[in-house]
1. Amide H neighbours of Ala24 under 5 Å, at least 5 residues apart or on other chains, H built in the peptide plane: list them.
2. Show which lysines lie in cross-link reach of Lys139 when reach means a straight Cα distance below 22 angstrom and same-chain residues fewer than eight apart are skipped.
3. In whole Å, what are the Cα extents of the range 21-149 along the three principal axes, biggest one first?
4. Could you give the accessible area per residue of the range 38-107, probe 1.4 Å, as a whole number in Å²?
5. Report ³J(HN,Hα) in whole Hz for each residue of the range 86-92, in order, from the Karplus equation J = 6.51 cos²θ - 1.76 cosθ + 1.60 where θ = phi - 60°; Gly and Pro get x.
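The values are calculated or read from the model by the stated rules, or taken from the named source; none is laboratory data. What you see is a predicted model, and the numbers here were worked out from it, not measured in a lab. Accessible surface areas use protein heavy atoms only, side chains included; no ligands, DNA or RNA. Shrake-Rupley method; radii C 1.70, N 1.55, O 1.52, S 1.80 Å.
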Amino acid sequence: MESLGSAPADPVSYEGVWRFTAPAVDASVPRARHAVRDLLGRQGVPIEDDILQGLLLIVSELVTNAVKHAALLSPELAVEVAIAADWVRVSVEDNHPYRPTALETDYAQTGGRGLLLVKVVTAEAGGTCDVEHTASGGKIIWAALPLKTQL
């Protein structure tokens, strides 16, 4: 047992931050999803399957949004995965200044609800998500999820 004032325990082996870039093209969507899934597997991250599936859906939606809406001003995007002892955070960065907002559900539309879906999946998992501006004028959209279902 750790007493007050003692040093924190050593980080678990799967903790870390990984970042990769990809062109803002359709083929980057499945590549990013597979890269994140493979990274979590290689690192031995103890993530529940439901949380993993939600996280991969989030990656797909965020990369798709960057490809569809930012490619003109941002031909490259970046995906970052940060893993801690009990949570994982994914973010997608592009250089387009537009800060998206989640649309309301409109069943007549065939698209445009990606960010709403990200918010719902994140909330159901007990996580959080947001959009931030970068110093260069672009944006980072991120979602952080617990590794295990919150009771």
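1. Residues meeting the criterion, in which the H sits 1.01 Å from N, are Glu76, Leu77.
2. Hits, sequence-local ones excluded: Lys68, Lys119.
3. Principal extents (largest minus smallest coordinate, Cα): 37, 33, 27 Å.
4. Heavy-atom accessible area per residue stands at 51 Å².
5. Coupling constants for the range 86-92: 9, 8, 9, 10, 10, 9, 10 Hz.
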